[in-house]
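Colleague: One structure, as structure tokens, below. Some questions next.
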Amino acid sequence: MGATLTEKIIAKNAGKKKVSPGEIVTVSPDRILSHDNTAAIIKHFRKLGVEKVIAPEKLVIVLDHVVPAATETYAVNHKEIRRFVDEQEIRNFFDAGCGICHQVLPEEGFAVPGTLIVGADSHTTTYGAFGAFSTGVGRSEIAVTWATDEIWLRVPESYKIVINGELPPGVTSKDVILKIIGEIGADGALYKAVEFAGPVVDRMTIAGRMVLSNMAMEMGAKNGIIAPDETAAKWLFKHGVSNFEALCPDDDASYEKVLEFNLGDLVPQIAFPHTVDNVKPIDEAEGIKVDQVLLGTCTNGRFEDLYLAAQILKGKKVAPGVRMLLFPASRNVYSQALKNGLMEIFADAGVIIMNPGCGPCLGAHEGILAPGEVCLSTANRNFKGRMGSTDSEIYLASPAVAAASAITGKITDPIIFM
Amino acid sequence: MIKGKIHKFGDDINTDVIFPGKYTYSISDPKEMAKHAMENLDPEFAEKAVKGDVIVAGKNFGCGSSREQAATCLKYAGIEAIIACSFSRIFFRNAINNAILAIVSKEVYDFCVDGEPIIVYPERGVIQVRGKEYNFPKLSPDIMGILKDGGLIEHTKKKLSK
């Protein structure tokens, strides 16, 4: 019996020929990610009685969650992180303004196929798009990993999700993943390694694949991986990664489940409040009034997302009474959007252009919702109270739906603008 | 032995209702965290919970963010065990790492009643509720070690100092 991609990567890292689902193995991650929560991790690390991080070259620290600092408390945390970075000689530190960790880490060439990445963030699953095994853990575990260079993992059972068909115009990878989560539920892949495959995935850009891997988390998965191909290799080469072992699943690999989706007639999908699996086709959402539209986040703040939204917004205006916020996922994305004229389109349309970062996605700053307000967001979570008042509502959708809805002031199928 | 009353919740209880994101980088004192436990779901939870209490919940408990405060705030609110039909995987690890016993049991969820007493014997793998006994698989020595030492940090500190 062959091995799945996830099994191969875990076995390689653990120094074993083969691993089986359910087995507990100790691994030494290739990269260890943390963000603003590094301040809290430092506190845990200090309690361990260890002076130095064992492998500082493995750490990647990106300040993105509340940047620039919204309050003195955040500012003190950031300062403490900068001090620690100097003290421990951590080379891979990306300060406020560089972007969201899940965009910066791949852009900097750290999302290498076949490697094992852990992060103090649930959406660490994103690097699966490059054929890496990557998963989120808590702060204590990151502190212990800094101190010991080890972490235990339970080898997950694998699900294969095969996506067939050809997506209609105006339908994106966000609609694909919302559709799948809506079908299988928020715990539909709990503890599982999810491997995405099929013609739709093969044709997807890296940005599109990153949406799938990012939101694998929202079906409970441990990781969401895609076998690296020519598309991945080209993207990686552009970002300085050319030397890697491109592991692929064996043809006779054993999957606990194989789920097939035929999405040739898919329409834009909307996740209604307050769970990500409360998904309905757009015709059931059309006409719902929105107060705020959020374009960005680690799910949908990439150049192609901005490009898609700009094509719809070009020559149009954000509806009166609606605030549309744009957060490019990274400084590179910002700069690319600027050079390609997208920022002019957004500015002319009345979009509030913000700095690269997580923005209001987790409810800390830069666009908090009042009671009774509705936000259409391109993010990955719509939990009650996440973006502010517990009496506010978040609908999740693609960048195309976000742009169309900003123009009309209500949830709108982007097809009318295409 | 863990002895207290049951706080019963439904399915898909996520980390944003357990510990709102707006506090994740502004509150660092665990006692302060405890005051906001379950705030977006039951604002009176922190008042009602006492040491030894047990949460019993439906499927996918703790889904969402990796924020460990979701476990820490419950621990400091007094919760010593969580029994759920299933757990989100990051929360499951965080619970153990914060010395909260995490047990999977659909039977207990189906049978128990909010506010009633419950007793859990971690070493024996037994839960007593409404005059009935339920068994759960005994924990591995490693997991038991983390729980006994009061969490992963204390446990690792002990190991490293040996």
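Colleague: For B:Arg124, put the label point 7 Å out on the Cα→Cβ axis and report which residues of the stretch B:1-43 keep their amide N under 13 Å from it.
Modeller: Counting backbone N atoms under 13 Å from the label point, the list is B:1-3.
Colleague: Among A:Arg302, A:Arg209, A:Arg31, determine the one that fluctuates most according to a GNM of chain A built with springs between C-alpha atoms less than 10 Å apart.
Modeller: A:Arg31
Colleague: Given a 1.4 Å probe and every protein chain left where it sits, what share in percent of the accessible area of the protein assembly as shown is carbon and sulfur?
Modeller: Working: 10640 of 20880 Å².
Result for the protein assembly as shown: 51 percent of the exposed heavy-atom area is carbon or sulfur.
Colleague: Let me ask you something else. Could you grab the Rg to Rh ratio for the stretch A:1-157? Cα atoms only, Kirkwood for Rh.
Modeller: Looking at the stretch A:1-157, the ratio lands at 0.99.
Colleague: Which translational diffusion coefficient, to the nearest whole µm²/s, is obtained for the stretch A:270-417 from the Stokes-Einstein equation, given a Kirkwood hydrodynamic radius over C-alpha pairs, 37 °C and 0.692 mPa s?
Modeller: Values: Rh = 14.7 Å.
Rounded to a whole number, D works out at 223 µm²/s.
Colleague: Please give me the summed charge of the neighbours of A:Lys52: other residues whose Cβ is under 10 Å from its Cβ, Lys and Arg +1, Asp and Glu -1.
Modeller: Local net charge: -3.
Colleague: Need one value for A:189-202: mean number of C-beta atoms belonging to other chains within 10 Å of its residues' C-beta atoms.
Modeller: Going residue by residue through A:189-202 and averaging, the value is 1.
Colleague: Picking from A:Asp251, A:Asp30, A:Asp64, which is most flexible by a Gaussian network model of chain A using Cα springs under 10 Å?
Modeller: Its mean-square fluctuation being the largest, the pick is A:Asp251.
Colleague: Another question, if that's okay. Hey, what did chain A get for relative contact order, percent, Cα under 8 Å, at least 6 apart? Kindly include the intermediate steps, with their values, before the conclusion.
Modeller: On the way: 1037 pairs, mean separation 73.7, N = 418.
For chain A, the relative contact order is 18 percent.
Colleague: Further question on the same structure: For the stretch A:210-322, what is the convex hull (Cα atoms) projected area averaged across all directions, in square nanometres?
Modeller: Projected area, direction-averaged: 10.9 nm².
Colleague: Let me know the charge dipole size of chain A about its Cα centre in debye, to the nearest 20, where only the beta-carbon of Lys, Arg (+1) and Asp, Glu (-1) is charged.
Modeller: 620
Colleague: Now for a separate question. How large is the Kirkwood hydrodynamic radius of the stretch B:1-141, in angstrom, based on all distinct alpha carbon pairs?
Modeller: For the stretch B:1-141, the Kirkwood estimate is 14.7 Å.
Colleague: May I ask you to derive the relative contact order of chain B, considering only C-alpha pairs under 8 Å and at least 6 residues apart, and to give it as an integer percent?
Modeller: 24
Colleague: Just to be sure I understand the model, the point goes 7 Å from the Cα along the line to the Cβ. What's the resulting A:Glu87 to A:Glu304 distance in nm?
Modeller: 4.3
Colleague: Using 1/(1 + (r/R0)^6) with R0 = 45 angstrom and r between the beta carbons of A:Ile352 and A:Asp149, what's the FRET efficiency to the nearest 0.05?
Modeller: Here the calculated transfer efficiency is 0.55.
Colleague: Provide the per residue accessible area, probe 1.4 Å, for the protein assembly as shown, rounded to a whole number of square angstrom.
Modeller: 36
Colleague: A:Ala39: net charge of surrounding residues, Cβ under 15 Å, Lys/Arg +1, Asp/Glu -1, itself excluded?
Modeller: Neighbour charge sum, excluding A:Ala39 itself: -2.
Colleague: Taking the Cα-to-Cβ direction at A:Ser20 and at A:Lys280 and moving 7 Å from each Cα, how far apart do the two end points lie in nm?
Modeller: Here the answer is 4.7 nm between the modelled labels.
Colleague: Calculate the mean, over all residues of peptide B:65-75, of how many other protein chain Cβ atoms lie within 10 angstrom of the residue's Cβ.
Modeller: Mean inter-chain Cβ contacts per residue within 10 Å come to 5.
Colleague: Using the basic label-point model (7 angstrom from Cα toward the beta carbon), what is the B:Lys138 to A:Ala246 distance in nanometres?
Modeller: Label-label distance for B:Lys138 and A:Ala246, simple model: 5.0 nm.
Colleague: What's the total accessible area buried between chains A and B, using a 1.4 Å probe, rounded to the nearest 100 Å²?
Modeller: 3400
Colleague: Using +1 on the beta carbon of Lys and Arg, -1 on that of Asp and Glu, and nothing else charged, what's the dipole of the stretch A:270-417 about the Cα centre, debye to 20?
Modeller: 320
Colleague: Once the whole set of protein chains is in place, how much accessible area is left on A:Asp229, using a 1.4 Å probe, in Å² to the nearest 10?
Modeller: 50
Colleague: Report the relative contact order of the stretch A:270-417, percent, no decimals, based on alpha-carbon pairs under 8 angstrom and at least 6 residues apart.
Modeller: 35
Colleague: Please report the equivalent ellipsoid semi-axes of chain A, computed as sqrt(5 x eigenvalue) of the Cα gyration tensor, largest first, in whole Å.
Modeller: Ellipsoid half-lengths, sorted descending, are 33, 27, 19 Å.
Colleague: In the stretch A:270-417, what % of DSSP beta bridges are antiparallel (nearest 5)?
Modeller: 20
Colleague: Note down the accessible area of A:His44, probe 1.4 Å, to the nearest 10 Å².
Modeller: Approximately 40 Å² for this residue.
Colleague: For B:Met1 and B:Lys158 in the same chain, what is the full-extension length gain: residue separation times 0.36 nm, less their Cα-Cα distance, in nm?
Modeller: Here the segment from B:Met1 to B:Lys158 would lengthen by 54.2 nm.
The values are calculated or read from the model by the stated rules, or taken from the named source; none is laboratory data. The structure displayed is predicted, hence computed values, not measured ones. Positions of Cβ are generated from backbone atoms using ideal geometry, with glycine treated the same way; all protein chains shown enter the neighbour counts. All accessible areas refer to the heavy atoms of the entire protein, side chains included, with ligands and DNA or RNA removed. Shrake-Rupley method; radii C 1.70, N 1.55, O 1.52, S 1.80 Å.
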